[in-house]
1. Expressed as an acute angle from 0 to 90° and rounded to the nearest 10, what is the orientation of the C-alpha long axis of helix 2-25 relative to the principal long axis of the chain?
2. Among rounded, prolate and oblate, which fits region 139-256 when a ≥ b ≥ c are the square roots of the eigenvalues of its C-alpha gyration tensor, a/c under 1.5 means rounded, and a/b larger than b/c means prolate?
3. Take every Cα pair under 8 Å in region 42-333 that's 6+ residues apart, average their separations, divide by the length, and report that relative contact order as a whole percent.
4. Name the residue, out of D148, D184, D111, whose mean-square fluctuation peaks in a Gaussian network model built on the chain with Cα pairs under 10 Å.
5. Suppose a student asked you for the relative contact order of region 228-329, using Cα pairs under 8 Å spaced at least 6 residues apart; what percent would you report?
6. So if each residue of separation counts as 0.36 nm, and I subtract the Cα-Cα distance between L336 and A129, what length gain in nm does that give?
7. Please report L228, L336 as a ranked list, fewest other C-beta atoms within 10 angstrom at the top and most at the bottom.
8. Which of T72, H151, Q45 sits farthest toward the positive end of the charge dipole of the chain, with +1 on the Cβ of Lys and Arg and -1 on the Cβ of Asp and Glu?
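Bear in mind these aren't lab numbers, they're just calculated from the coordinates by the rules spelled out. Source: prediction; values computed, not measured. Ideal geometry is used to build each Cβ from the backbone, glycine not excepted, and the neighbour counts take in all protein chains shown.
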Amino acid sequence: MSLNKNIIIILVSVIFSMYGCKNDESPNTTPTPDPKPPINDWTFQQSNAFVNFTDIFFISSEVGWVVGENNTILSTTSGGKQWPEAPVNSFEGNFRSVHLIDENIGWITGDKNEAPKDGYVYVSSNGGAYPEPQKIIDFPLNTVFNLDKEHGWTGGENGQMLYTTDGGFNWNESTSSLDFTIFDVHFLDKDKGWATGTKGKIIRSADGGVTWQNEYDDPDIDLFSIHLIDSLHGWACGTDNTILIWEEENGIKQWSLQRVLTEPSSMVWHDIFFIDDQIGWIVGNSGTVYKSVDGGKKWIKESTGVFSHLNAVHMVNAQKGWIAGDEGVILTYTPL
């Protein structure tokens, strides 16, 4: 009886072992799925143009232009699903800034690699194609901002600051003497505007750009971008991890210094864009993007999957936007 009991126990163990081995082996017969690509907050869009892009502007969720080195203009009418290159007249130079006022008309500034006249303002009425020069001056122009079909402003190297009130038929020079390079300009209406540049300068105009008054300076930094949504809320950014917020303290409006605490002091921010008084983005070196939801006091890092310097950001709403950068980088917002 005892021998039979032992035999039964052995048989049960063998059967259990065989059954268990079979189950253990079965998962190995299933093919291992391919790893999924990493999911980022910002997704790369193919442009087939391996140049350094300097600026990007969208007039709607579908229509936008991007500009860059070697006279490159790309335009999209599909939200960036396709980025065909717009034909341009043959010349040597680089586009530095772009601003659209509708789906067809936009202004572009840059240089032409010529001496002594090297600064150009162009306008295209054909969706980016064949931009025509409107103004030629001595020094390259880094920025352009157009409020409507009539009123526009541009600024650049050696303190160049110009304005138009007739759609660019005439570009007039500011009467103020400016001793720094202008990187960005932003107007709220035909009178009130701000500009930034080297020496940590922020200047302000109350007469449509005819004259300018100093509002902020720091000789140790450069300020590459300024953005305002109204006369009470504005932001600027630049070298040395510098972010400035236009806010009221003790009844006085002033620019207060902020920094992204998780980034080194060497971080360079190239552009800043807010859609309202709370929500905004900032872009900089090495594929770095941060978002703020409290007006710029705190910043949350977002993933891009790229390491090129990012030069410009433009949002059309809280869920839709684009970034342009070096080495042909165009990113679109795909929040997790």
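1. Long axis of 2-25 versus the principal axis of the chain: about 20 degrees.
2. oblate
3. The normalised contact order for region 42-333 reaches 14 percent.
4. Among D148, D184, D111, the largest GNM mean-square fluctuation belongs to D148.
5. Relative contact order for region 228-329 comes out at 19 percent.
6. 71.0 nm
7. Starting with the residue having the fewest Cβ neighbours, the order is L336, L228.
8. Q45
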